[in-house]
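Worksheet: one structure, shown below.
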Amino acid sequence: MKYFILFLTALLFAGMTACGDSTDGLLGDISPDTESQVIEKEIDGIAFKFCLLNRQGEPATVFNEGDNIVFSFSFKNNLKDNISIPTQFINENFYRVYGNNNTDMGKAWTGTWCLFVMQTKIIELPAHETKELNCPWLYSEVFKVDYPLCKGGDNNPLSKGEYFTSLHFDFVYTVDGKQKSIENVNLNINFKIQ
């Protein structure tokens, strides 16, 4: 009996430590009910940040009807070497908004690399620098779109209700001639228009 109890204790302890610190991807989920209004995490020397900004440029998840919403995703190269990032992570669902019953409300941007269609689609990021990808929901002279995102048209203002936006991708980059990948990036923001 003594050995059986020791075996169960060891098995339980092994199970708890095996599930402890998984870094297989980047997960984040915020809503109007969470304390933080920003998803931030660093993996393998790349610091990610995802949030929505209000008209004052502050992170928020609750907006007034008619207010513009700026979608903000950034990544910082905390490595000692420069990195190159192909932009495949900007997929068709990047900054896409869904309403009640998963109704597709559209996305904030209309294209990528609009001015340089024939050029290589790589973001070069020096060591310790940050690349921001901000894009307003409504076209604005105040809130600019960060290249390579483009905004050629305008969206309808979001009416009162609950919405969500998600980023789902694999983040592939090259550092010192070696390709690396942070797989299964899943970032979700639930927000409200009142």
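Consider THR130 carefully, then state whether it is open to solvent by 40 Å² or more (accessible area, probe 1.4 Å), at pLDDT 90 or above and under 16 Å from the mean Cα position of the chain (by Cα). Considered against the rule, which asks whether it is open to solvent by 40 Å² or more (accessible area, probe 1.4 Å), at pLDDT 90 or above and under 16 Å from the mean Cα position of the chain (by Cα), THR130 comes out as yes. Among the residues of the range 81-101, is there at least one that is open to solvent by 30 Å² or more (accessible area, probe 1.4 Å), outside any loop (DSSP other than H, G, I, E, B), of a type in the set (Asp, Glu) and closer than 18 Å to LEU187 by Cβ? Checked the range 81-101: no residue is open to solvent by 30 Å² or more (accessible area, probe 1.4 Å), outside any loop (DSSP other than H, G, I, E, B), of a type in the set (Asp, Glu) and closer than 18 Å to LEU187 by Cβ. Checked against (1) out of contact with any helix residue (DSSP H, G or I) (no Cβ under 8 Å at 6 or more places or on another chain); (2) β-branched (Val, Ile, Thr); (3) farther than 24 Å from GLU162 by Cα, THR112 passes all but a single condition, namely (1).
Taking only the range 31-61 into account, find how many residues are assigned to a strand (DSSP E or B) and more than 14 Å from PHE73 (Cα to Cα). Qualifying residue count for the region: 1. Scanning the range 1-49 for residues that are at pLDDT 55 or above and within 14 Å of PHE171 (Cα to Cα) yields GLY25, LEU26, LEU27, LYS41, GLU42, ILE43, ASP44, GLY45, ILE46, ALA47, PHE48, LYS49. Screening CYS114 against (1) surrounded by 12 or more Cβ atoms within 10 Å (Cβ to Cβ); (2) under 24 Å from GLN56 (Cα atoms); (3) modelled with pLDDT under 80 leaves a single unmet condition, (2). The set of residues in the range 133-172 that are open to solvent by less than 20 Å² (accessible area, probe 1.4 Å), within 16 Å of the chain's Cα centre (by Cα) and farther than 18 Å from CYS51 by Cα contains only PRO148.
Among the residues making up the range 48-82, those that are of a type outside the set (Phe, Trp, Tyr) and within 14 Å of the chain's Cα centre (by Cα) are LYS49, CYS51, LEU52, LEU53, PRO59, VAL70, SER72, SER74, LYS76.
Output the residue which, of all residues in the range 175-194 that are touching a residue at least 12 places away in the same chain (Cβ under 8 Å) and open to solvent by 50 Å² or more (accessible area, probe 1.4 Å), is farthest from GLY28 (Cα to Cα).
So, considering only residues that are touching a residue at least 12 places away in the same chain (Cβ under 8 Å) and open to solvent by 50 Å² or more (accessible area, probe 1.4 Å), the one farthest from GLY28 (Cα to Cα) is ASP176.
Quick check on the range 54-77. Is at least one of its residues β-branched (Val, Ile, Thr), in contact (Cβ under 8 Å) with a residue 40 or more places away in the chain and open to solvent by 20 Å² or more (accessible area, probe 1.4 Å)? Yes.
The values are calculated or read from the model by the stated rules, or taken from the named source; none is laboratory data. Note that the structure is a prediction, hence the values are computed from the model and not measured. With ideal geometry, Cβ positions are generated from the backbone for all residues, glycine too; neighbour counts draw on all protein chains shown. The accessibility values were calculated without ligands, DNA or RNA, using every heavy atom of the protein model including side chains. Shrake-Rupley method; radii C 1.70, N 1.55, O 1.52, S 1.80 Å.
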